[in-house]
Amino acid sequence: MLGIYKIPQLSYGFVLNDKVQFPFVYWMTPKQETQYQGVVQLLLHFRWTWVGLFAPDNDNGERSLSTLVPLMIKRDICIAFTERVVHKTWLWIPHELPAMWREVNVFVYTADSQYGLFIIIEVESLFQRVQSGGKVWITTGLQNKFSLCDTDCFPYVHGSLSFVMKTKKRTKKDYYEPMSPTSPSCMVKVFDCSYSKHALSLRGLTKCREKEDLQLLPQEEMERIQSQDSYINYLNIQVVAQALNAAYSSRSKRISVVGGGRGGGRLEVQRLSSWQLHPFLKEVRFYTNTSADGQYLDEDGAVAADFDIVNLVLFPNSSLARVKTGRIERQGSSNMKFTINPEAIVWPNLFQKIVPRSRCTESCLPGFAKKVQEGKPPCCYDCAPCSEGTISTQEDADECTSCPEDQHPSEDRDRCVPKAITFLSYEEYLGSLLASLSLFLSLTTGFVLGIFIKYKETPIVKANNRDLSYILLISLLLSFLSSFLFIGQPRKATCLLRQTAFSNIFSVAVSSVLAKTITVVLAFLATKPGNRVRRWLGKSLANFIVLSCSSVQVLICTIWLGASPPFPDSDIHSQLGEIILQCNEGSVFMFYGSLSYMGFLASICFTVAFLARKLPGSFNEAKLITFSMLVFCSVWLSFVPTYLSTKGKYMVAVQIFSILASSAGLLGCIFIPKCYIIILRPDLNMKEHLTRKS
C-alpha cells in the first residue's frame, strides 16, 4: 500500500532489496554480498575447504544461503552440513553431537539478529558437555551485538571472527552499556530534553533544542552510539534529514501564492510530496565518523560500506576486546579488496596458537593431483601421482601439467628442470673409445699401405691387380677416418658429409673387392686352353667395374643432396630428460636406398667369391674375400635392426661400430695374411709358390 503512493520506506531489518517489486524501499543495512565475498576470501586464505554452515530458519536465512552457497561452491569450498536454526527456541539443537560436526573445525553463521550470539553459545556449550573441542566461528550480520554478551559468555566467543561495519579506532572499550540516540536517557544527557509527557507529544518535543546534529556530539558519546545496534537507526535519521534538506534547498522548489484578491496573497513554499523525495534519497551521502571515505546508498538503494574483520579475544583479566585483524574495502561497484593479518589473530584455546585445519582430506603434495572419489564431495579426494612426463608445482593441484619441450619433470615430479643436451662427444667414454679405435685402425691401414708400396715388386703384391689393392686400402683408410664425422656436435657441414662420404667410400671399397673377385675367376678361366676370357684380363676391366659400380652410388647421393639433404636437428622426445643433437637424414628413403645398394654390391661380391673359394692354387685370394665379405655382410645385416632399436647418440655409435667392424673385416681378412707372408715368410713370396696348385 505504501508503494502505491510512492512513499519512501527505509528498511533495516527484513531485506526488501528487490527493486522491481519494491522500488521505493531503501535498505539501510550494509549489503550482505560484500560480507559473503569476504567470508569466501577468508576461507580461501586459511585453506578452509570443509566448513559447517548455520543460517536462520527464515526468509533472510534462505536468502543468505542462496547467495553464499554458490560463492563457496564456485571457489571449491565444500559445505559439510547446513543447519537452519530457529530463534528463541533450542529445539533445533540435537541431543547428541553429530559426527559431521566433529569433523569440521570452522563454522560459518549468517546471523541476522542478536539471537545469533546465543546460538553460538549454545552450540559451544554442547561441545563442552560432550568434552569435544571448540570451533572457529565466522559470523556475519551480528555487527555489534556482542555488546549484549556478559562475562559468562566470553569464553564461548573467544577466538571467533566477525565482520563489522568499518569504524574509526576507539579510545574507550566499553561495549556493555547499550544506548540508543533516540532513547530518553540519551536525549536528557545530550540534548538536555525534558520528557514530562510522551515522547511523541508536541509539548514534549518542543522542550528539546531544535536543529541538533548528532555529528556535534562529543567524541566519547559518538563512539558509544556507534558501538551499538541503534547505529543503523541513526543512519536512517541522517538519510532522511539530508534528503529533506537537499529537497528544500533545491533550485527546483516551487513557490505558490496563498490567499485571494488583488495583492492580497502571500508567497509560500509549496508543500513537499513524499514521492518527490526519491531523487534526493538516491543521491544523498552522509558523512560520519564511522568511515574515512563516507557511506552512501548504492544503485540498489542499500548502504555501501566497508567492513572490518575483528577477532574476539578473551584476556586473562576476563575482559573481552575486539581486535581488528583485517578489512574489506570497496573497489568500485563490483570489486573488493581483502586484507588479513594472520599473526594478529588469537585462535580458540583448543588449537594452541596454531592455525586450525578444516579440510576433508590431507593436502596433495606437489607431484600429485587431486582425484575425486565417487559419491563424495569434491573436497574429499584422493591424491594420485602425476603420470610420466607431467608435474604439479603446488599443493592440491587439480591436474598435472606438462613441462615445456626444452624441460622435463624432476624425479619427484614437482618441478621442471632443463633437459640435458647430449650428443656423441669426444669427452665421454664411448666417444673417446670409438675415436681411439678409429685412429688405431687408420694407422694400421696406413702401415699396411706402406708395406704394399715398399714391396710393390714382390709377387704377392703384384698378384691379383696391385692397383686394386691400393684403391681398396685407401678406401679402407678413408672409411676409418670418416668415423670422425659422426663424433662431436652435429653441424651443417658434418651432416651433409657423414652419410654421403660413408656411402661413396664403402661403395668404392666393395667395388674394389668385387673387381678383385671377378679378376680371380677370370684368371683361373684364362688358364684353360682355348678360353677367350684372357682378353678380358687387365686393368681396364677392373677399373671399369670400380668406376661403374661407384658411379651409381654417387648418383644416388647426388639426388639425395639435391632433393632432401641432411641437416642438424634436435630430438626432444625420444629420451626423457635429454635433448639429443643429431643429424636429420632428410630423406629416410634415400638413406636406406644407399645402404641397400651397398648391400647389393656386397651380396654379389660374396656370392662370386663363395663360388670361387675352391679354385686350385696355393694362395687362393677368393677364400680371403669370402671370409671378408662374410664378416662385412654379417655386420651390416645386424646393423639395420640394431640401428632402429636404439635412440639418440647410441644410434650414431652403432653406425660407427658397423663402419669400423666391416672395414676391419676387409682389412684383416684380405691384407693381414699377405702382410704375414711379406714380413714373416718371405720364402713364400715367390712366383713358383703362388702358382703351385694346392
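The values are calculated or read from the model by the stated rules, or taken from the named source; none is laboratory data. What you see is a predicted model, and the numbers here were worked out from it, not measured in a lab. For neighbour counting, all protein chains shown are included, and Cβ atoms are generated from backbone atoms with ideal geometry for every residue, glycine included.
Looking at (1) crowded, with 22+ Cβ neighbours inside 10 Å; (2) modelled with pLDDT under 75, can you tell me which one residue 107 breaks?
(2)
Quick one: is residue 579 in contact with a strand residue (DSSP E or B) (Cβ under 6 Å, 6 or more places away or on another chain) and either buried (at least 19 other Cβ atoms within 10 Å of the Cβ) or assigned by TED's automatic domain parsing to the domain that holds residue 548 (or both)?
Criteria met by residue 579.
Among the residues of segment 402-419, what is the count of those that are crowded, with 16+ Cβ neighbours inside 10 Å and outside any loop (DSSP other than H, G, I, E, B)? Walk me through it before giving the result.
Residues of segment 402-419 crowded, with 16+ Cβ neighbours inside 10 Å: 403, 407-409, 413-414, 416, 419.
When the remaining residues are screened for being outside any loop (DSSP other than H, G, I, E, B), the result is 407-409, 416.
Residues flagged as crowded, with 16+ Cβ neighbours inside 10 Å and outside any loop (DSSP other than H, G, I, E, B) within segment 402-419 amount to 4.
Look at segment 444-495 and say how many of its residues are over 21 Å from residue 510 (Cβ atoms), β-branched (Val, Ile, Thr) and surrounded by fewer than 22 Cβ atoms within 10 Å (Cβ to Cβ).
Count: 5.
Out of segment 366-392, which residues are in a loop (DSSP other than H, G, I, E, B), within 22 Å of residue 44 (Cβ to Cβ) and modelled with pLDDT of 90 or more?
Selection gives 366, 392.
List the number of the failed condition for residue 567; all other conditions in (1) surrounded by fewer than 19 Cβ atoms within 10 Å (Cβ to Cβ); (2) within 25 Å of residue 637 (Cβ to Cβ) hold.
Unmet for residue 567, out of (1) surrounded by fewer than 19 Cβ atoms within 10 Å (Cβ to Cβ); (2) within 25 Å of residue 637 (Cβ to Cβ): (2).
Would it be correct to say that residue 628 is of a type in the set (Gly, Ala, Ser) and more than 30 Å from residue 456 (Cα to Cα)?
Taking the combined requirement at face value, the residue does not satisfy it.
With respect to residue 595, determine if the residue is surrounded by fewer than 14 Cβ atoms within 10 Å (Cβ to Cβ) and in contact (Cβ under 8 Å) with a residue 40 or more places away in the chain.
When the stated conditions are applied, residue 595 does not pass them.
If you go through segment 353-370 one residue at a time, do you hit one that is of a type in the set (Gly, Ala, Ser) and in contact with a Leu (Cβ under 9 Å, 6 or more places away or on another chain)?
Restricting attention to segment 353-370, the residues satisfying the condition of being of a type in the set (Gly, Ala, Ser) are 358, 363, 367, 369.
Adding the requirement that they be in contact with a Leu (Cβ under 9 Å, 6 or more places away or on another chain) leaves 358.
The answer is yes, given that some residue of segment 353-370 is of a type in the set (Gly, Ala, Ser) and in contact with a Leu (Cβ under 9 Å, 6 or more places away or on another chain).
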